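Down below is the structure, laid out as structure tokens.
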Amino acid sequence: MTTDHIGRTPLGLPPLTRRGFLGGVGAASAAALIAQLGTAAPSFATSEGTVLPLVDPLPDGAPDRALFAENEQVFAAYLMILSPLANSVIDDDEELFGWMEDGWQRLPNEPFNARIMEHVATLSWFYSHERAWNPYYLDPNLLGRLDAALGYYLALQHDDGSYPEYSPTEHHLSPTGFGTVAQSAVLRDLLSVDELPERRGEIETALRASSAWLVDLDRPHWNLPVRYVNQVIAGLAGVAQAATVMNDAAMAASLSDRMAALLEHGQAPAGFFNEPLTPDAGYNFTVMLPDVGHIYEQTQDPSAVELARRFAEWFGYIVVMEPGQPQGFVLSATSGRGVLPTFTTTPEDDLDRSALGRALLEQVPALGAFYATAAEKQASRAAWAQDPEPVQPREKQDSSARLYMHVPVAPDGVSTAERDARVADLPYLRENAFTQLRRGTLDQQYAFVRRPGCYTAAAYGVRPYASQRLGTNAFWHPEAGMFVLSLNSSGPDDWTTVDDVAGTATSRSEVTAVHHVGDDTSGAVIAPHDLTGFAGVFTTRYVTADAAVTTDVSHWQDGLRRSMTTTGASRERIPLIVGPEDEVAFLDGTPAPYDEQTITVASGLTVTRGDVRLVINWGAEWEATYAPTSTSFLNGTRSQRILTVSFAGELTTELTAVDLTEVVGERVAFGVTSHTVERDGAHHTALHVINLDHEPVDIRVVSASGRETFRALAPGASGYRLFRNQRRLPAPGVAVATTCGEGRVRVATRRFEI
């Protein structure tokens, strides 16, 4: 369907005059500019009211914050841009009559980009809703400009019902889906005030065409597996809204089948929604999930609940809270699109893009961990109402209508006690030992490993998207929080081994992984489907596609041991998460000041945060660099620092988290931990000791499980041993550490649990 808008005289106004645009540029030049596909045109001047009367600006001092209902405060920032938004509608060029020219919504700012026109919903809302703070209710000037914008918008629709975004001839899912939402809202608004009956008929025709295109299984966006699910679900949300507004039972009937199709083909077994065929925490939580909530709110479709339930499980593994805080980090190294390293709840309505996901809280209680509480919402709204500062307008490219569409109708959220209970029930907080392997839509494994002293994550398999980072990607401690986090940005801020001879980085290569029982690859192979539930020590070997780098990662109860083999000169890069109060030093005693680059030759580095110390030991003396970056997290309480160790051929790096309260007052500083699990009819005990002293130490361990002596452990070095017994041996063990440095003998003894 195509509607001819050229030369239309809206509302009986005088015929248009042609002046060209861009200050009098001729038609040929204008056409040439429009034909420049994929590039943003300059920001045009707003209308001077040549044909359509201008919409008056807000009076000085408006709006009055006290006049807004609590759930409608989000409209205030949009009210601030309503006049310039309406007055950006071109009224003096017959070819562009009705285009919202000033770039408020989306790039490219081109006349063919239908996404720009979604703000017709903003114009219609303010026209049709009577509020004490809304001077634009039933404003005839606003209605004239809305009508012109609708005429232009509808004319962009292709005959098959779709809309373009990046070129005039494109049939794009995003503008069609989000546009169906916007046009449904306009139709609802115009019906509520009985305005523009002819235009309403055109909108209904357009909505039937776009809805049919969106649910048509023969269209490319339904190719299996479904890609860019946020756009597909946005389209289905538009179909649901259009069906409701037009009371179209046949249109509504198509939704249930399509939601079931998404459940089967748009969500990975791991639980994330395909963006395009990989995770993306930002799109999943702030774009996709709210639309799932929107659909459920209108249809009570059971597939919406199941989509959200599976996603909540996935999110519970990748959102890793800082201890005692309702915020933390996102394990987003594997995201194929956006970079989202941190997670914070959002009580402020002006920022709450995820709001309508709360419509699913009753059906999927686990989601309660990821939202601000009702009390926080109420406090934020009370503070907004009392703020003496003028309301700030929405900014260009940050003015999506979805925000005000969702926030006022979203539930406030759960109680503080409920949220705390849901956070405490996150897997890595609920349990101190598990292994969870989840499968992607593609041939990818996502491994989450919780042990008493750490929580780590990794991804293995194919890597079709440049942003994805594979291999080990995080190290978190239950009391100290995140110590290492790999990002998926374009910078060198991912956990990786770089073979400079082969030009290979493990994080940016397809990697094939095999899992083995025990602390090396000599143990029995663990099939991927059997890795979930494995609580003991295991080792994963992953090899890059070109076989240049082999990495063995052994998972112990208090850390990781990573052994890399390369073809020659190489670098191990570890992206540290460091706070201003953390103490960072190399094992040779060289301090690493927070904001200074430090280069030295050493065998390891420590990060001390409160009573917890992360010891990173690579055994041999290699050149190492500790370098600050400009990246900070969580309001500056954490920052990114890159540790790079240069080596040749082979390197083993041990990362161990140590509770320093256990060594206070000891004559010899050392750590000892053990962890026993039952498997195959026997009890397996993993023993790990680490020298925290400044001199070499002998550590002798005696227990019912067995005994072992670790000789001359260098500062920062570890000793490992696995014991196997036929029965559980609950008796505690004893560790004795001895050092004879500086001509004197020092001895420390410690009991530990088996």
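Could you please find all residues in region 723-754 being closer than 18 Å to GLY536 by Cα and either modelled with pLDDT of 95 or more or open to solvent by less than 50 Å² (accessible area, probe 1.4 Å) (or both)?
Here is the first cut: in region 723-754, the ones closer than 18 Å to GLY536 by Cα are 723-730, 753-754.
If the condition is that a residue be closer than 18 Å to GLY536 by Cα and either modelled with pLDDT of 95 or more or open to solvent by less than 50 Å² (accessible area, probe 1.4 Å) (or both), then PHE723, ASN725, LEU729, ILE754 are the ones that fit.
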Inset, instruction - Might you check whether a residue that is in a strand (DSSP E or B), touching a residue at least 60 places away in the same chain (Cβ under 8 Å) and over 17 Å from ARG750 (Cβ atoms) occurs anywhere in region 658-673? - result: no
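Go over the candidates ARG438, ARG463, ARG469 one by one and state the one that is of a type in the set (D, E, K, R) and part of a strand (DSSP E or B). Explain how you work it out, then say what you get.
Details: ARG463 fails: part of a strand (DSSP E or B); ARG469 fails: part of a strand (DSSP E or B).
Checking each option against the conditions leaves just ARG438.
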Inset, instruction - Count, please, the residues in region 302-324 that happen to be aromatic (Phe, Trp, Tyr) and over 16 Å from VAL287 (Cβ atoms). - result: 1
Legend entry - Among (1) among the aliphatic types (A, V, I, L, M); (2) in contact (Cβ under 8 Å) with a residue 60 or more places away in the chain; (3) crowded, with 20+ Cβ neighbours inside 10 Å, the one test that VAL364 misses: (2)
Legend entry - Pair list, Cβ < 9 Å and 6+ apart or interchain, from region 380-400 residues that are open to solvent by 40 Å² or more (accessible area, probe 1.4 Å) to residues that are small (Gly, Ala, Ser) and in a loop (DSSP other than H, G, I, E, B): PRO390/GLY61; PRO393/SER399; LYS396/SER43; LYS396/GLY103; GLN397/GLY103
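Residue-wise test of (1) crowded, with 21+ Cβ neighbours inside 10 Å; (2) more than 30 Å from THR344 (Cα to Cα).
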{"residue": "THR565", "(1), (2)": "no, yes"}
{"residue": "LEU576", "(1), (2)": "yes, no"}
{"residue": "GLU583", "(1), (2)": "no, no"}
{"residue": "PRO591", "(1), (2)": "no, yes"}
{"residue": "SER603", "(1), (2)": "no, yes"}
{"residue": "GLY619", "(1), (2)": "no, yes"}
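Being open to solvent by less than 10 Å² (accessible area, probe 1.4 Å), under 26 Å from the mean Cα position of the chain (by Cα) and farther than 23 Å from LEU634 by Cβ narrows it down to one residue among THR496, THR540; which is it? Spell out how you get there, then give the answer.
Numbers: THR540 fails: under 26 Å from the mean Cα position of the chain (by Cα).
Going through THR496, THR540 in turn, the sole match is THR496.
Return the residues of region 264-320 that are in a loop (DSSP other than H, G, I, E, B) and farther than 25 Å from ALA466 by Cα; say none if nothing qualifies.
In the first step, residues of region 264-320 are kept if they are in a loop (DSSP other than H, G, I, E, B); the result is 266, 268-272, 274-280, 300-301.
Answer for region 264-320, where residues must be in a loop (DSSP other than H, G, I, E, B) and farther than 25 Å from ALA466 by Cα: GLN300, ASP301.
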Inset, instruction - Starting from residues that are among the charged types (D, E, K, R) and within 28 Å of the chain's Cα centre (by Cα), keep the ones in region 100-122 and report whichever is most open to solvent (accessible area, probe 1.4 Å). - result: ARG106
Inset, instruction - Report, by residue number, each residue of region 409-432 that is modelled with pLDDT of 95 or more, among the small types (Gly, Ala, Ser), closer than 15 Å to ALA375 by Cα and open to solvent by less than 60 Å² (accessible area, probe 1.4 Å). - result: ALA410
Inset, instruction - Within region 259-313, work out how many residues are more than 22 Å from THR342 (Cα to Cα) and within 12 Å of the chain's Cα centre (by Cα). - result: 0
Legend entry - Failed item, numbered, when LEU692 is tested on (1) at pLDDT 85 or above; (2) touching a Lys or Arg at 6+ places or on another chain (Cβ under 6 Å); (3) open to solvent by 20 Å² or more (accessible area, probe 1.4 Å): (2)
Legend entry - Matching entry among GLU479, GLU510 (being open to solvent by 40 Å² or more (accessible area, probe 1.4 Å), touching a Lys or Arg at 6+ places or on another chain (Cβ under 8 Å) and of a type in the set (D, E, K, R)): GLU510
Inset, instruction - Within region 302-344, track down each residue that is over 21 Å from ALA480 (Cβ atoms) and open to solvent by 20 Å² or more (accessible area, probe 1.4 Å). - result: PRO302, VAL305, GLU306, ARG309, ARG310, GLU313, ARG337, GLY338, VAL339, LEU340
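The values are calculated or read from the model by the stated rules, or taken from the named source; none is laboratory data. Please read these numbers as outputs of a predicted model, since none were measured by experiment. Glycine also receives a Cβ, built like all others from the backbone with ideal geometry; neighbour counts cover every protein chain displayed. Side chains are part of the model used for accessible areas, which takes the heavy atoms of the whole protein and leaves out ligands, DNA and RNA. Shrake-Rupley method; radii C 1.70, N 1.55, O 1.52, S 1.80 Å.
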